[in-house]
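Novice: Here you go, one structure.
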Amino acid sequence: MNNKILVTGAAGFIGFNLTKYLLSEGFQVIGVDSINTAYDVKFKEFRLSKLNELNNFNFYNIDLSDHINLNKTLQNYKFDVIFHLAARAGVRQSFKDPLSYIKDNTVATVNIANFCKDKNIDRLILASTSSIYGDSGNKEMEENIDEKINPPSVYASTKLSGEVLANTILSDSDTKTVITRFFTVFGPYGRPDMSVLRFIHWIAEKKDVIIFGDGEQRRSFTYIDDVVNHLMLSKDLNDNQTLNVGNNQTESLNNIISMIESALGINANIVNKERAFRDPDVVLPSLKKSKNILDWEPSTTIKNGIKSTVDWYLTNRDYLKDCNYI
């Protein structure tokens, strides 16, 4: 296998951690990212600065919705595997700016799929999201493609559209497509618009901790190292698959805050606000397929993952404390 791998969204949370691991394993990584403003670009610049210190990494600032520039920039590279992790993130914001989400999620994914087809790429690992499922209640959400899915947000709709279009475009090609649906990923170098890092920042800096709702909504919090492990296993699959990547237990936001309080030794000043539009109560994945196909299960407890993330924040506090957490 050619040791060059393309990672889109390399300056993003999951893309950064995956790229760093790939480089440690001896791969040459070509990273692309548009450094979009869906959240504070200081986080993306921080991650990118760390990657630029490493050998065998080349970076291009590319808007993936521009297929001409995409093909021109990457035309001379030969890849066996593409990890398409680039996306415009954020559920609430997607209702305010749907066109940007269509461009950065759906159109960009179409362009990557066409690139795979034109270049005869062996495997495309396509990042998707648990947001497409909505509220799971007491039911574990399964990946069954025949089951009707009604995405509750613009963000989720654009990600599901990307899934469907990529599968359709590549259906008559030799590219194997593995769709990975992520469930509330957290950890070092995380996103500032997601709950764990925001809560850590607010509590550490003794700011109000804003919760939209009563805090009893539950999520499958999944530590980043487990996600990277799943992606590394997925790149060697030889058939098309759609796989959940999550934790087999859920925690409420209130419990997450309690864990952060314990790790920091600081009590939170909680401010409850109106529940976000279409915010699900419970999001719980079925992990049977990932277990059966990859022999993968999450190995990091939420408590240990929270502790590691708090330690990382404190180590990098001088930089992180002045960033924007929205």
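Novice: If I stretch the segment between residue 295 and residue 276 completely, what's the gain in nm (0.36 nm per residue apart, minus their alpha carbon distance), one decimal?
Specialist: Length difference between fully extended and current span is 3.2 nm.
Novice: Of the DSSP beta bridges with both residues in the chain, give the percent that are antiparallel, rounding to the nearest 5.
Specialist: Details: 2 of 41 bridges.
Bridges in the chain are about 5 percent antiparallel.
Novice: Output the 0 to 90 degree angle, nearest 10, between the alpha-carbon long axis of helix 302-315 and the longest principal axis computed from the alpha carbons of the chain.
Specialist: Rounded to the nearest ten degrees, it is 90.
Novice: If you don't mind, another one. With axes computed from alpha carbons, what is the tilt in degrees of helix 41-51 against the longest principal axis of the chain, rounded to the nearest 10 within 0 to 90?
Specialist: The two axes meet at around 60 degrees.
Novice: Let me ask something else. Run the dipole for segment 173-326 about the Cα centre, Lys and Arg Cβ at +1, Asp and Glu Cβ at -1, nothing else charged, and hand back the magnitude in debye, nearest 20. Can you show the working numbers first?
Specialist: Working: 19 positive and 20 negative charges, 24 e Å.
Dipole size: approximately 120 debye.
Novice: For segment 46-168, with every protein chain kept in place, what is the accessible area per residue (1.4 Å probe, Å²)?
Specialist: That works out to 48 Å² for each residue.
Novice: No solvent, one uniform scatterer per C-alpha: report log10 I(q)/I(0) for segment 36-151 via the Debye equation at q = 0.10, 0.11, 0.19 1/Å, two decimals.
Specialist: At q = 0.10, 0.11, 0.19 Å⁻¹ the computed log10 ratios are -0.40, -0.49, -1.24.
Novice: Same structure again: Heavy-atom accessible area per residue, segment 238-306, 1.4 Å probe: how many Å²?
Specialist: So segment 238-306 comes to 52 Å² accessible per residue, rounded to a whole number.
Novice: Describe numerically, in nm with one decimal, the distance between label points set 7 Å from Cα along Cα→Cβ at residue 69 and at residue 135.
Specialist: Placing both labels 7 Å along Cα→Cβ, they lie 4.1 nm apart.
Novice: Would you calculate the separation in nanometres between label points at residue 258 and residue 76, each defined as 7 Å from the Cα along the Cα-to-beta-carbon direction?
Specialist: 5.8 nm
Novice: Once you've got the Cα coordinates, tell me which of 4/288; 44/206; 50/235 are over 27 Å apart.
Specialist: Violating the 27 Å Cα-Cα cut-off are 4/288.
Novice: Please give, to one decimal in nm, the separation of the simple spin-label points placed at residue 214 and residue 266, each 7 Å out from Cα toward the Cβ.
Specialist: 2.8 nm
Novice: Given R₀ = 30 Å, FRET efficiency for residue 172-residue 144 by Cβ-Cβ distance, to 0.05?
Specialist: 0.80
Novice: Per-residue ellipticity at 222 nm for the chain, helices alone: DSSP H runs ≥ 4 residues times -39500 (n - 2.57), over residue total, nearest 500 deg cm²/dmol?
Specialist: After summing the helix terms and dividing by the residues of the chain, the value is -11000 deg cm²/dmol.
Novice: Of 267, 248, 138, which has the largest mean-square fluctuation in a 10 Å C-alpha GNM of the chain?
Specialist: 138
Novice: Anyone know which of 223, 189, 60 comes out most mobile in the 10 Å Cα GNM of the chain?
Specialist: Residue with maximal mean-square fluctuation among 223, 189, 60: 60.
Novice: Hey, any idea what % of the chain's accessible area is carbon plus sulfur with a 1.4 Å probe?
Specialist: Values: 6290 of 14170 Å².
In the chain, the share of accessible area belonging to carbon and sulfur is 44 percent.
Novice: Further, regarding this structure: For a test of understanding, tell me how many lysine pairs in segment 66-134 have Cα atoms under 24 Å apart, given they are 8 or more places apart or on different chains.
Specialist: Details: 72/103; 72/117; 72/119; 78/117; 78/119; 103/117; 103/119.
Close lysine pairs under the 24 Å cut-off: 7.
Novice: If we count every other residue with Cβ under 12 angstrom of residue 253's Cβ, Lys/Arg +1 and Asp/Glu -1, where does the sum land?
Specialist: Net local charge, residue 253 excluded: -1.
Novice: Another question, then. If you filter segment 81-156 for GluC sites (Glu not before Pro), then keep DSSP loop positions with at most 12 other Cβ within 10 Å, what is left?
Specialist: 147
Novice: Provide the net charge surrounding residue 165, with neighbours chosen by a C-beta distance below 13 Å and charges set as Lys +1, Arg +1, Asp -1, Glu -1.
Specialist: Numbers: positive: 117, 159; negative: 163.
Computed value for this residue: +1.
The values are calculated or read from the model by the stated rules, or taken from the named source; none is laboratory data. Everything numeric in this text was worked out from a predicted model, so none of it was measured. Note that each Cβ is placed from the backbone with ideal geometry, even for glycine, and that neighbours are counted across all protein chains shown. When the accessible area is computed, the model is the full protein with side chains, heavy atoms only, and any ligands, DNA or RNA have been set aside. Shrake-Rupley method; radii C 1.70, N 1.55, O 1.52, S 1.80 Å.
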